[in-house]
Amino acid sequence: MAERTPLLPLLRTYVERDSTVAAQVLEAMSVPDAQEVMNLMPPSVAAKIVPHLQVSFAAALLQTATPELIKAVLKKLDAKRVVSLLAQLNVEDRERIVPHLTDQLRFELKEQLEYPEDSIGRIMTRQFLSFHQDTKVQDVTRKLRLLAKKQPPASYVYVVGEADRLVGVLNMYGLLLASPEQPIHDLMRSEIFALDGFTSQEEAAAELARRKYFAVPVVDGQGHILGIVRGQDLMQELQQDVSEDLLRMVGVDTDERPFSPISFSLRKRLPWLHVNLVTAFMAAAVIAMFEGLIAKITVLAVFLPVVAGQGGNAGAQSLAIVMRGLVMREIPSHRRKQLVLKETVLGATNGAVTGLVTGILAWLLYGNPTLGLVVGLGMLVNLLFAGMAGASIPLIMKSLRLDPAQCASIILTTVTDVIGFLAFLGFALLFRNQLM
């Protein structure tokens with residue numbers, strides 16, 4: 001504890017100048033060290049850091065937080081952030097935090113938890129500006145000036161009519177040019193783009209990007225405005241999802257940090273390494289089938305990693321394109337077969353070109369044209385199947401309601417290794433007399 005005490009004044013300076021930098025310093029520590037530092041700091045100071053931390057890391061810090069720190073933190077967070085934090089905690093830790101929630105926060109939490117986890121209802125904020133359509137411009141601008149001293153300026157002002165139903169939207173530019181006595185219903189744009197709270201975050205992000213909007217109102221079935229979803233919040237959620245997918249693709253837990261304890265990292269990574277070990281033995285079993293052939297024609301062993309490696313690279317390219325398309329909702333259901341066919345043809349074309357180059361090099365290096373033919377044909381077949389597998393595996397998993405990021409890369413590696421070895425050594429067996 002004594003060693004970390006000098007960090008406290010430094011962190012406090014960071015918090016006063018930029019809480020984001022303080023959060024980065026804290027995230028560079030291991031979880032136990034960060035927990036100790038947070039509990040040593042005054043709750044009012046430590047609470048300013050939490051909104052800038054990754055959700056999983058913030059949840060880990062709250063597991064050992066004092067009641068005073070929990071109260072201070074909850075004052076700094078809105079409902080959507082609290083929902084994300086609670087989702088990361090076990091039942092025991094949730095029970096420690098829930099009693100400190102305010103009545104207003106409890107109400108907002110109850111409403112947001114009614115929406116699916118990947119919907120915009122989970123991340124919408126109720127911090128928005130709305131005025132009745134008969135309000136005059138001067139009254140709106142007066143209110144905006146008062147609010148500007150307490151919070152960042154809003155991008156849009158929403159207009160409500162009878163029974164508080166959303167009827168229009170204003171932008172700041174229009175307000176600046178309007179007459180002070182003019183009612184805002186004369187300025188508003190009545191063609192409203194709004195979304196239901198059950199809309200998926202991916203779909204909402206695609207719509208905002210296409211329309212180039214900063215935010216979108218969330219309404220219920222009767223047209224009442226419930227909140228807004230900011231484009232920035234949507235992008236952060238999707239970026240976190242993508243980063244978690246990338247980690248899962250290589251068997252790394254999403255809660256692991258750069259300085260997580262070795263025991264924690266080992267416990268999370270080792271099971272995936274065992275799965276990879278099983279698939280590696282599957283590829284080794286294919287090689288074992290041709291053990292006698294390789295013993296007689298040892299040069300085949302030189303090109304085994306070349307054929308398998310190129311297949312893995314080609315498959316990874318197809319997998320990355322399809323995974324990105326799924327995340328960005330760029331792949332409609334009726335065009336999935338077309339996409340698989342396109343990636344298969346592309347894989348075959350790449351295989352033909354790469355196989356030709358590799359075959360010529362093998363011929364020149366070893367003076368045997370048949371060896372070049374075998375290498376080229378093996379490369380062609382492997383890259384063809386790599387393109388097909390890279391495109392079809394995530395699509396099949398998606399249709400089965402499985403997470404493609406969870407094990408798509410492991411399945412792909414197995415396919416490219418097994419097909420690559422089988423094709424290359426199979427052609428070698430076919431032309432063994434010429435090779436010998």
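What follows draws every value from the coordinates through simple rules; no lab data is involved. The shown structure was predicted, so the numbers you read here are calculated from the model rather than taken from an experiment. Every residue, glycine as well, gets a Cβ built from its backbone with ideal geometry; the counts of neighbours run over all protein chains shown.
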What ranking, highest mean first, results for peptides 21-27, 289-295 when packing means the other Cβ atoms within 10 Å averaged over each residue?
21-27, 289-295
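What ranking of 296, 48, 76 emerges when the number of other C-beta atoms within 10 Å of each C-beta is taken as an exposure proxy, fewest first? Before the final figure, lay out each step's value.
Details: 296 10, 48 19, 76 15.
Sorted ascending by nearby Cβ count, the order is 296, 76, 48.
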What nm distance separates the two modelled labels at residue 296 and residue 144, each placed 7 Å from Cα along Cα→Cβ?
8.5 nm
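Hydropathy first: keep DSSP H helices in the chain averaging at least -0.5 on Kyte-Doolittle, then drop any whose Cα extent along the axis falls short of 18 Å, and list what survives. It would help to have the intermediate numbers written out before the result.
Values: long enough: 231-249 (27 Å, -0.74); 262-289 (39 Å, 1.10); 300-327 (40 Å, 1.25); 336-366 (43 Å, 0.77); 369-399 (45 Å, 1.52); 404-430 (38 Å, 1.73).
Length and hydropathy pass: 262-289, 300-327, 336-366, 369-399, 404-430.
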Suppose only helical runs count, i.e. DSSP H with n ≥ 4. What mean residue ellipticity at 222 nm does that imply for the chain under -39500 (n - 2.57) per run, divided by all residues and rounded to the nearest 500 deg cm²/dmol?
-21000 deg cm²/dmol
Give me the net charge for the shell around residue 425: Cβ to Cβ below 11 angstrom, other residues only, Lys and Arg +1, Asp and Glu -1.
0
(i) 28.4; (ii) 34.7; (iii) 21.4, with the label sought being that of the calculated mean projected area of the Cα convex hull in nm²:
(i)
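In the range 115-210, what trypsin sites (Lys or Arg not before Pro) fall in a loop by DSSP, with at most 11 other Cβ atoms inside 10 Å? Kindly include the intermediate steps, with their values, before the conclusion.
Values: sites: 122, 126, 136, 142, 143, 145, 149, 150, 165, 189, 210; in loops: 126, 149, 150.
Those satisfying the criteria are 149, 150.
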Based on Cα positions only, what radius of gyration and what Dmax would you give for the range 262-435, in angstroms?
17.8, 55
Can you say what percent of the DSSP beta bridges in the chain, counting only those with both residues inside, are antiparallel? Round to 5.
75 percent
Ordering of 275-283, 426-434, 314-322 by packing [mean C-beta count within 10 Å, highest first]:
314-322, 426-434, 275-283
Computed from the mean reciprocal separation of all distinct C-alpha pairs, what Kirkwood hydrodynamic radius does the range 31-111 have, in Å?
12.5 Å
Specify the residue with the greatest mean-square fluctuation among 61, 177, 113, computed from a Gaussian network of the chain linking alpha-carbon atoms under 10 Å apart.
177
Place +1 on the Cβ of every Lys and Arg and -1 on the Cβ of every Asp and Glu in the chain, take the dipole about the Cα centre, and give the residue among 393, 378, 363 whose Cα lies farthest towards its positive end.
363
In terms of modelled amide H atoms, which long-range or inter-chain residues lie less than 5 Å from the amide H of residue 167?
159, 160, 161
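Net charge near residue 156: determine it from the other residues with C-beta under 12 Å of the C-beta of residue 156, scoring Lys and Arg +1 and Asp and Glu -1.
Working: positive: 189, 230; negative: none.
Cβ neighbours under 12 Å give a net charge of +2.
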